[in-house]
């Protein structure tokens, strides 16, 4: 097969992969994208060849991300980055490289590889043609970098990135676009993690308003917003409304992806927190354990989200006077969080505080009534 024929076939396969992905046929999208690799026998000879192969790798990474296999997605995207970086800087290369690095940084973050994620975003912002990139491409990178900063406890940096992303997106698309809703969702999450629940609520309600009006078919986005709204309402002590929101989000995610998806674990963790506050320890323990099982399977044993769940489970066990089990789970959580996030991260410090309190109070009959911090 000539190089030209191979390129034509590869482009057709890449288009079929993208069309299949847009129509929800994930298996076909992955199959077509993998065939691009087999057809392109001329490896990365010029930038046009590289772009065809990179496009297919992006589709395969989307498929991996769909099932929360973030490590595989990051590996595929890393290969795409390497292909593009082997070519000299140009407007075309840097446009593709910005997109690929942004997605790679986000996948690395989701996989718990925060230092590598930060390097990916540093590369995006250091591209020779960064200033010439289209506004939405810039906004996507800024928004993704903001999420990483939030997850790693750099809250002021996160706020700055989100503000820049929101301004660029609003300028390009207007204030009522669903891309604006996504950033408002993130601003609400940032306020929530800092305990600023009254600040978070208008952001997330505005995001829901935009999604309902402009994209009612985007039920995944609506479910994500309901999850954040539920967490915000729980923080305000409005537990009945919070449980309604989170239960609805759980129902939607279950309908979309089945009972063992990553998002199911997120909702179960949030629901358990409410159940714990309303004295339903048995239900809370069951949901914490189910969420922990899902996240361990999907994210791996040493992911920081696993550490946070272990902290929450340990706090419940302390409430039930099961001090030995609580201590074991606090120790496991702290080891994970120190390794993944560092000792200065708020989640690590919250877990260390809980573990130290348990050491001081595990023989104190008043211990179950003492406040502990969730992650």
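Brief remarks follow.
- Scope the stretch 190-209; condition in contact with a helix residue (DSSP H, G or I) (Cβ under 8 Å, 6 or more places away or on another chain) and outside any helix (DSSP H, G or I); matching residues: 194, 195
- Screening the stretch 261-282 for residues that are exposed (fewer than 15 other Cβ atoms within 10 Å of the Cβ) and touching a helix residue (DSSP H, G or I) at 6+ places or on another chain (Cβ under 7 Å) and picking the one that is farthest from residue 69 (Cα to Cα) gives 278.
Here is a yes/no grid of residues against (1) buried (at least 20 other Cβ atoms within 10 Å of the Cβ); (2) at pLDDT 90 or above:
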{"position": "46", "(1), (2)": "no, no"}
{"position": "53", "(1), (2)": "yes, no"}
{"position": "84", "(1), (2)": "yes, yes"}
{"position": "94", "(1), (2)": "yes, yes"}
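- The helices (runs of 4 or more DSSP H) located wholly in the stretch 221-332 that include 2 or more residues which are over 28 Å from residue 200 (Cα atoms) and at pLDDT 95 or above occupy 281-299.
- Some residue of the stretch 139-162 being over 26 Å from residue 344 (Cβ atoms), surrounded by fewer than 16 Cβ atoms within 10 Å (Cβ to Cβ), outside the structural domain of residue 84 (by TED's automatic domain parsing) and in contact with a helix residue (DSSP H, G or I) (Cβ under 9 Å, 6 or more places away or on another chain): no
- Any hit, the stretch 121-133, residues being surrounded by 15 or more Cβ atoms within 10 Å (Cβ to Cβ), outside the structural domain of residue 200 (by TED's automatic domain parsing), within 20 Å of the chain's Cα centre (by Cα) and closer than 25 Å to residue 337 by Cα: yes
- Any chance residue 76 is in a helix (DSSP H, G or I), crowded, with 16+ Cβ neighbours inside 10 Å and at pLDDT 85 or above: yes
- For residue 252: the one exception among (1) closer than 23 Å to residue 220 by Cα; (2) surrounded by 24 or more Cβ atoms within 10 Å (Cβ to Cβ): (2)
- Qualifying positions in the stretch 298-327 - touching a helix residue (DSSP H, G or I) at 6+ places or on another chain (Cβ under 8 Å) and over 19 Å from residue 266 (Cα atoms): 317, 318, 319, 320, 321, 323, 325, 326, 327
The values are calculated or read from the model by the stated rules, or taken from the named source; none is laboratory data. On a predicted model such as this, the values are computed, not experimentally measured, just so you know. No Cβ is skipped: glycine too gets one built from the backbone with ideal geometry, and neighbour counts run over all protein chains shown.
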